[in-house]
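This report refers to the structure that appears directly beneath it.
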Amino acid sequence: MVVLILDIGKGMLAVVLAGDGAGLATLAMVTALAVAGHNWPIWLGGKGGKGLATAAGALTLVTPLSVPLWGVVWGLGYVLSGYIAFGTILATAFLPVALGLTAGWAYGLAALPTCLLVLARHREKMRRLLLGAEPKHYWRGKA
């Protein structure tokens, strides 16, 4: 839980440090760089995380609709497929479109680089889903 809070805070801190007067293009770059730094740190031999919590923290400050929209699409993907990974990939891929439709296309475009970096770290999960090797998680009891 501590790591999750620190990762979210890392993304938020990046946006806060960009300042109130930062334009949307600057915020797009800052959020993407925060996620890239988390995913491929210069220390730890480049073995970082998947960037989802860092992206959530940063994008929440860019537009508060980010996480709720992501959560709705994740839930739909998970319930329909039974795969947590499918929900994660679907929500991350669809977030720029969802933001574009609700908050404006400038926000959708601003989220795109960040979402692409998160998806890049989920390549192995995508491969396992396509091969049918990703474990299924049951959200309700088996009958």
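Readers should treat all values here as calculations from the given coordinates under stated rules, not as data from a laboratory. Since the structure is predicted, the reported quantities are computational estimates derived from the model, not experimental observations. All Cβ positions, glycine included, derive from the backbone under ideal geometry; neighbour counts span all protein chains shown.
Below are the figures for this structure:
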{"quantity": "Cα gyration tensor category, rounded, prolate or oblate, for region 2-131 with a/c compared to 1.5", "calculated": "oblate"}
{"quantity": "Region 2-131: relative contact order in percent, alpha carbon pairs under 8 Å with at least 6 residues between", "calculated": "25 percent"}
{"quantity": "Neighbour-limited loop hits for trypsin sites (Lys or Arg not before Pro), region 1-71 (at most 15 other Cβ within 10 Å; DSSP other than H, G, I, E, B)", "calculated": "LYS47"}
{"quantity": "Low-density loop cleavage sites - trypsin sites (Lys or Arg not before Pro) in region 91-140, where at most 12 other Cβ are within 10 Å (DSSP)", "calculated": "LYS136, ARG140"}
{"quantity": "Longest exposed-site-free window of the chain, the sites being chymotrypsin sites (Phe, Trp or Tyr not before Pro) in a DSSP loop that have at most 12 other C-beta atoms within 10 Å", "calculated": "44-137"}
{"quantity": "Value at 222 nm in deg cm²/dmol, rounded to 500, when DSSP H runs of n ≥ 4 in the chain each add -39,500 (n - 2.57)", "calculated": "-24000 deg cm²/dmol"}
{"quantity": "Simple label model, 7 Å out from Cα along Cβ direction - VAL3 to THR26, nm", "calculated": "3.4 nm"}
{"quantity": "Label-point separation, LEU33 to ARG127 (7 Å along Cα→Cβ), nm", "calculated": "3.1 nm"}
{"quantity": "Cα shape, region 41-81, gyration tensor, a/c 1.5 rule", "calculated": "oblate"}
